[in-house]
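Here's the structure we're looking at; comments come further down.
The values are calculated or read from the model by the stated rules, or taken from the named source; none is laboratory data. Predicted model only: the values in this text are computed from it and were never measured. We place every Cβ from the backbone using ideal geometry, glycine too, and count neighbours over all the protein chains shown.
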């Protein structure tokens with residue numbers, strides 16, 4: 001007889017770790033099983049070198065504040081993303097207080113967030129953006145300057161060698177953070193295991209089938225050697241397998257996945273560990289994407305803190321691989337094509353020819369040309385200080401749309417069955433930073449009958465649950481102060 005569990009989590013990254021932790025807090029008597037195909041946790045998108053670790057809160061990411069046709073700045077997306085990140089911060093703060101997470105500096109560190117632009121039109125845009133955000137309670141403390149000397153004080157690495165005649169502007173906010181989602185995933189899963197959950201690494205889920213009794217039969221094999229393992233039966237399944245979530249949801253046969261496709265995008269960064277270079281830059285600095293470039297192309301120079309060691313990353317430089325994971329197969333893209341998603345995928349591609357053109361252009365650029373992009377941020381950068389790394393593989397969602405045959409979506413999307421017995425996460429950024437609110441929305445969707453009992457516990461862990469901090473400046477201030485103190489970061 002197959003082993004039966006209450007919850008099966010497929011994938012050992014930040015999403016599964018977050019959902020498992022939430023469910024264990026809400027229903028301690030449930031038994032949880034985690035399956036990870038690789039030999040260790042968080043080796044794909046959650047790995048610290050496969051993402052920017054920004055702690056996306058829209059403090060510096062200019063793509064969340066587009067300029068409207070009338071010249072004004074739209075801030076609704078920025079506010080939404082910041083609200084979501086504050087939910088994650090509250091949950092982490094609670095777990096630190098409960099001893100479920102260790103010293104906060106092991107996974108989150110204070111790193112100021114900056115936006116930096118050059119050219120008269122971009123300076124005007126950033127000035128308007130600052131005026132639109134500076135009085136909002138979630139963006140309190142943001143500073144603005146067009147003075148090169150002030151900007152040099154914020155980011156000493158970026159100003160030497162720049163033309164004095166070139167207009168520049170920057171915003172600076174000290175309450176930004178750098179998050180190591182790989183370390184955080186490990187800590188969360190380790191605590192789950194200590195609380196009774198079971199972790200199986202090096203195990204591949206090969207199929208998902210719903211049984212007549214409504215439970216899910218999960219077929220397994222060893223990643224190395226391919227040896228079959230006894231199947232496991234689960235009452236609820238979450239597919240948090242990154243790029244492989246699409247394939248597994250397709251195998252499940254749920255009708256809700258019909259029409260969904262995926263387009264893989266890889267990326268590269270330039271990285272330096274030179275202590276002298278790293279010491280001269282203590283911020284995450286986001287620029288403005290070139291006209292016609294997709295949101296994923298926003299250039300940024302990031303301080304990363306991994307295992308207590310600082311490094312700098314600059315990018316991204318787009319690449320292409322048909323793999324859906326860094327450790328995936330070159331057949332992944334082709335294997336994901338079905339009769340029900342072929343037309344939406346073709347339509348999405350045809351309506352995003354500018355993205356195709358951008359990717360081709362990036363692939364054709366020489367290393368010298370790519371390094372010139374870094375020099376726009378660091379004019380005196382030396383090639384010998386920097387080396388190339390390959391970032392995580394992202395799979396952008398392609399799906400049907402009421403107004404179009406198919407669209408390309410740059411965010412994340414939860415797909416769940418009508419009965420709530422299986423759910424999965426598709427898409428990419430802002431992903432990890434908003435894992436907690438995404439998983440809370442999944443819980444509400446898949447366990448509506450339990451929310452009456454669970455809500456008080458959720459509100460204890462996350463006081464703003466069901467509310468918007470933006471609606472109460474006093475509540476926003478109190479929440480940001482409390483979580484900053486608990487996580488040992490700047491307000």
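Assorted remarks:
- Qualifying residue in the range 181-193 (condition: loosely packed, with under 15 Cβ neighbours inside 10 Å, free of Cβ contacts under 8 Å to residues at least 40 places away in the same chain and either assigned to a loop (DSSP other than H, G, I, E, B) or out of contact with any strand residue (DSSP E or B) (no Cβ under 6 Å at 6 or more places or on another chain) (or both)): no
- Any hit, the range 221-232, residues being over 30 Å from residue 305 (Cα atoms), at pLDDT 95 or above and crowded, with 21+ Cβ neighbours inside 10 Å: yes
- Residue that is surrounded by the most Cβ atoms within 10 Å (Cβ to Cβ), among those in the range 319-328 that are under 17 Å from the mean Cα position of the chain (by Cα) and either farther than 27 Å from residue 285 by Cα or at pLDDT below 90 (or both): 324
- When residues of the range 376-386 are limited to those that are in a helix (DSSP H, G or I) and free of Cβ contacts under 8 Å to residues at least 40 places away in the same chain, the one surrounded by the most Cβ atoms within 10 Å (Cβ to Cβ): 383
- The combined condition, being within 18 Å of residue 34 (Cα to Cα) and touching a residue at least 60 places away in the same chain (Cβ under 8 Å), is fulfilled by residue 217.
- For the range 132-163, the set of residues classified as touching a residue at least 40 places away in the same chain (Cβ under 8 Å), under 31 Å from the mean Cα position of the chain (by Cα) and either at positive phi or not in a loop (DSSP other than H, G, I, E, B) (or both) consists of 132, 133, 137, 138, 139, 141, 154, listed by residue number.
- Scanning the range 469-490 for residues that are part of a loop (DSSP other than H, G, I, E, B) and either exposed (fewer than 14 other Cβ atoms within 10 Å of the Cβ) or at pLDDT 95 or above (or both) gives a single hit, 488.
- Options 69, 63: the member that is more than 30 Å from residue 191 (Cα to Cα) and part of a loop (DSSP other than H, G, I, E, B): 69
- Inspection of the range 3-16 identifies no residue that is more than 30 Å from residue 290 (Cβ to Cβ), assigned to a loop (DSSP other than H, G, I, E, B), at pLDDT below 95 and touching a strand residue (DSSP E or B) at 6+ places or on another chain (Cβ under 8 Å).
- Scan of the range 17-37 for residues that are touching a strand residue (DSSP E or B) at 6+ places or on another chain (Cβ under 7 Å) and either in a loop (DSSP other than H, G, I, E, B) or more than 14 Å from residue 238 (Cβ to Cβ) (or both), ordered by number: 30, 31, 37
- The lone criterion from (1) surrounded by fewer than 24 Cβ atoms within 10 Å (Cβ to Cβ); (2) within 24 Å of residue 472 (Cα to Cα); (3) in contact (Cβ under 8 Å) with a residue 60 or more places away in the chain left unmet by residue 76 is number (3).
- Among the residues of the range 339-375, those identified as outside any helix (DSSP H, G or I) and within 27 Å of the chain's Cα centre (by Cα) are 341, 351, 352, 365.
- Which listed residue, of 413, 368, is in contact with a strand residue (DSSP E or B) (Cβ under 8 Å, 6 or more places away or on another chain) and modelled with pLDDT under 95: 413
- Of the strands (runs of 3 or more DSSP E) lying entirely inside the range 393-438, those containing at least 2 residues that are within 19 Å of residue 249 (Cα to Cα), in contact (Cβ under 8 Å) with a residue 60 or more places away in the chain and in contact with a helix residue (DSSP H, G or I) (Cβ under 7 Å, 6 or more places away or on another chain) span 394-399, 412-416, 422-427.
Residue by residue, here is whether (1) touching a residue at least 40 places away in the same chain (Cβ under 8 Å); (2) part of a strand (DSSP E or B); (3) touching a strand residue (DSSP E or B) at 6+ places or on another chain (Cβ under 8 Å) holds:
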{"site": "268", "(1), (2), (3)": "yes, yes, yes"}
{"site": "271", "(1), (2), (3)": "yes, yes, yes"}
{"site": "285", "(1), (2), (3)": "yes, yes, yes"}
{"site": "315", "(1), (2), (3)": "yes, yes, yes"}
{"site": "318", "(1), (2), (3)": "yes, yes, yes"}
{"site": "321", "(1), (2), (3)": "yes, no, yes"}
{"site": "324", "(1), (2), (3)": "yes, no, yes"}
{"site": "329", "(1), (2), (3)": "no, no, no"}
